[in-house]
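Just below is one structure, and these are the notes that go with it.
Bear in mind these aren't lab numbers, they're just calculated from the coordinates by the rules spelled out. All values reported here derive from a predicted model rather than from experimental measurement. Reconstructed Cβ throughout: ideal geometry from the backbone, glycine too, with neighbour counts over all protein chains shown.
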Amino acid sequence: MIGVVQAAQEIMDRYRLVLTHADLNFHKRYQVEDFLTSLQVADFYEINRDITLHLNELKEELLKGYEELSDIRVPVDSRPPSDVCFFYFTNSESGYLARRYEAGATRDDFAPAKNHPFVLVTRATSDSLPSSFGGYIISDKEKNNQLFLTKEIVEVADKDKEIENYVGNANASIALLISLINQPRFVVQSAAGTRQSRKQAFRGHGISTGAWHKIQWNLGEPVKAKSDSDRGGWRMPLHYTRGHWRKAQDHWDDVVIRKDNQPYKWIDGFWSGHPAYGVKKSYHAPKLGKKELVQ
């Protein structure tokens with residue numbers, strides 16, 4: 001099992017070799033060159049097995065009850081900590097580049113979001129060329145943060161539903177991973193790889209020695225979540241409260257009048273508790289005319 005430093009070096013070395021010797025069409029050559037350019041300025045994150053297993057549980061919860069990929073919404077905290085991030089999962093030996101684009105940015109491989117920033121997710125390993133999967137919209141309201149696919153993936157998914165499910169799972173995993181990284185109560189970042197390997201990456205590829213991070217659980221003294229001030233949370237297991245509508249008063253800010261002609265206010269999703277006390281799993285089971293939360 002290798003870490004993110006070695007994985008990134010292998011990918012960059014392999015892709016440069018491909019550009020020199022392989023017979024690529026214009027589109028594929030552009031993809032490889034574009035990926036290499038982004039990888040050189042990325043922040044790198046090494047994701048260990050414990051985090052991966054927890055992400056799988058969160059992802060199962062997020063995807064249950066949805067028939068269409070476009071119906072899924074990711075947490076508000078899924079905004080990348082840097083404009084370009086590379087996540088390497090040691091358990092599966094897979095790498096994903098997440099790039100943040102401003103609202104209105106245009107690309108040829110998918111229809112961009114006009115009103116919100118978005119994240120483009122690209123998978124890459126040393127044994128395969130980069131493949132842009134799609135990504136998700138990021139905004140201050142979870143109801144807007146839907147997943148999307150690239151045109152290339154859509155064409156394949158029309159013939160093979162398993163491809164759509166695989167790609168949708170990958171995009172959701174990256175969104176949930178970023179939402180965890182953005183919670184300093186729950187995870188801790190330390191330097192990934194040895195000092196020698198980071199210096200070697202700097203000499204060979206010009207990547208800052210401070211760009212490498214290893215993500216682990218922070219099992220120190222838990223901090224009470226600010227959003228949980230009225231419901232405890234000191235020694236609760238880690239769990240995610242999904243975004244939801246709450247009944248409001250007409251004079252409140254950001255009030256929306258819904259179909260029942262009553263005022264509501266949107267409450268963004270938030271994390272509570274701490275993994276030191278376990279992980280509380282829940283799933284949503286939508287039914288016709290009623291939505292139940294089973295815990």
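Projecting label points 7 angstrom from Cα along Cα→Cβ for E33 and Q216 puts them 4.2 nm apart. Assuming 1.306 mPa s and 10 °C, estimate D for segment 26-170 with Stokes-Einstein, Rh taken as the Kirkwood radius over Cα pairs, in µm²/s. Estimated via Stokes-Einstein, D reaches 100 µm²/s.
Highest mean first, the peptides 122-129, 81-88 sorted by other C-beta atoms within 10 Å per residue fall in the order 81-88, 122-129. For segment 166-176, putting each phi into the Karplus relation 6.51 cos²θ - 1.76 cosθ + 1.60 with θ = phi - 60° gives couplings of 4, 5, x, 4, 5, 4, 5, 4, 5, 4, 5 Hz, in residue order, rounded to whole numbers and with x for Gly and Pro.
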